[in-house]
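Below is one structure, written out as structure tokens, with a few remarks after it.
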Amino acid sequence: MIGFTHVNLKLEYGVNSADYRRIEETITFLQEHSLRRPSLEETAKQVGLSPYHFQRLFRRWAGVTPKQFLQLLTVEHARELLRDSATVLETAHDVGMSGSGRLHDLFVSVEAVTPGQFKAHGRGLAIRYGIHPSPFGDCLAAMTERGICELRFVDGHSKDKAVEELFQRWDEAELYEDQPGSQQVIEQIFFRSALPEGERLRLFLRGTNFQTQAWRALLRIPEGSVISYEDLARGINRPSAARAVGNAVGQNPISYLIPCHRVIRKTGEFGGYGGGISRKRAILGREFALNPAG
């Protein structure tokens, strides 16, 4: 197996990866027992903390109480947000956002590979990578000189597998571990104050023309908003290609930054996610809490 060195990252809000695992376990527990509404004491016991320390941890991470957080993850709340999804792609650029709700496409710049580069599997590229903690658990970041080429959430035994798969996807590239460089990128991704003023994160996308078109559209969905697969398809002028759009969303190589987590089913159900449904709920719930206006 390919080894790696894990570098501790001091996270904003004082939450580390062990704390995130408690957050994720809490979300799963609350979702599974939502009908009987577990008490604060029962939920805290479930994750091995006192009610006081659990409440404090959760508020520090999410900005709201566990009860308020769960209310943001209901199908009814998601449906309310979906009512605006038909126009969100069209209005995003016109209206613009500021502060914590700033559009991702104002935060990043995107370059897509050429057809020849797509077939070359990274030939001639040097790719640096590393695994670090984030507010949503450990993630693998990989970068070329032209930008970030992968960002994937990983857990436990899947870390070595994630690195192996990175080597397989870019089998013609030169890959090497760069913990200091990848740590700096992770900090800039999740804590924008770490990104020098006026600079953007550069993304280097390897995909088909259709995939990159869908991924670029995802960047136009503001934080705190969601969109259905059908409306995303209409947003790229492919109204009959919802299934193909769904497949493209599922192949997104740069999680979180390209916010595939903001695409949900038209029923209001969150649907699947490469990083796990609990992580999708965690990311969306935190965005909803930090952007209450949607």
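The values are calculated or read from the model by the stated rules, or taken from the named source; none is laboratory data. Every value quoted in this text rests on a predicted model; they were computed, and no experiment measured them. Reconstructed Cβ throughout: ideal geometry from the backbone, glycine too, with neighbour counts over all protein chains shown. Heads up: the accessible areas ignore ligands, DNA and RNA and are worked out on the full protein's heavy atoms, side chains in. Shrake-Rupley method; radii C 1.70, N 1.55, O 1.52, S 1.80 Å.
From the set of residues in the stretch 155-201 that are among the aromatic types (F, W, Y) and not in a helix (DSSP H, G or I), which is nearest to K119 (Cα to Cα)? Top of the filtered list is W170. Looking only at residues in the stretch 119-128 that are touching a helix residue (DSSP H, G or I) at 6+ places or on another chain (Cβ under 9 Å) and open to solvent by 10 Å² or more (accessible area, probe 1.4 Å), which one is modelled with the highest pLDDT? Here the residue is R128.
If only one of L218, L257, L232 is touching a residue at least 12 places away in the same chain (Cβ under 8 Å), farther than 23 Å from V75 by Cβ and among the hydrophobic types (A, V, I, L, M, F, W, C), which one is it?
Every option except L257 fails the conditions.
Of the residues making up the stretch 193-210, just one is open to solvent by less than 70 Å² (accessible area, probe 1.4 Å) and of a type in the set (D, E, K, R), namely R206. Among the residues of the stretch 228-248, those that are open to solvent by 10 Å² or more (accessible area, probe 1.4 Å) and part of a helix (DSSP H, G or I) comprise Y229, E230, D231, R234, G235, A242, R243, A244, G246, N247.
Does E164 meet the test of being open to solvent by 30 Å² or more (accessible area, probe 1.4 Å) and under 21 Å from D138 (Cα atoms)? Yes.
When the stretch 154-204 is filtered for residues that are over 21 Å from G122 (Cβ atoms) and either small (G, A, S) or in contact with a helix residue (DSSP H, G or I) (Cβ under 6 Å, 6 or more places away or on another chain) (or both), the ones remaining, listed by number, are G156, S158, E187, Q188, F191, S193, A194, L195, G198. In this structure, does S225 turn out to be open to solvent by 10 Å² or more (accessible area, probe 1.4 Å) and not in a helix (DSSP H, G or I)? Yes; evaluated as a whole, the condition is true for this residue. Scan the stretch 138-154 and give yes if some residue there is within 30 Å of R265 (Cβ to Cβ), in a helix (DSSP H, G or I) and either of a type outside the set (V, I, T) or in contact (Cβ under 8 Å) with a residue 40 or more places away in the chain (or both), otherwise no. No. Scan the stretch 30-59 for residues that are surrounded by 14 or more Cβ atoms within 10 Å (Cβ to Cβ) and modelled with pLDDT of 90 or more and the total you get is 13. Looking across the stretch 168-179, the residues that are open to solvent by 40 Å² or more (accessible area, probe 1.4 Å) and touching a residue at least 12 places away in the same chain (Cβ under 8 Å) come down to R169, D171, E172, E174, Y176, E177.
Against the test of being at pLDDT below 85, open to solvent by less than 50 Å² (accessible area, probe 1.4 Å) and either among the acidic types (D, E) or more than 30 Å from Y20 (Cβ to Cβ) (or both), the options D94, D138, D105 yield a single qualifying residue, D105. Residue count for the stretch 259-294, restricted to those that are β-branched (V, I, T), under 16 Å from E223 (Cβ atoms) and either more than 12 Å from the chain's Cα centre (by Cα) or surrounded by fewer than 17 Cβ atoms within 10 Å (Cβ to Cβ) (or both): 1.
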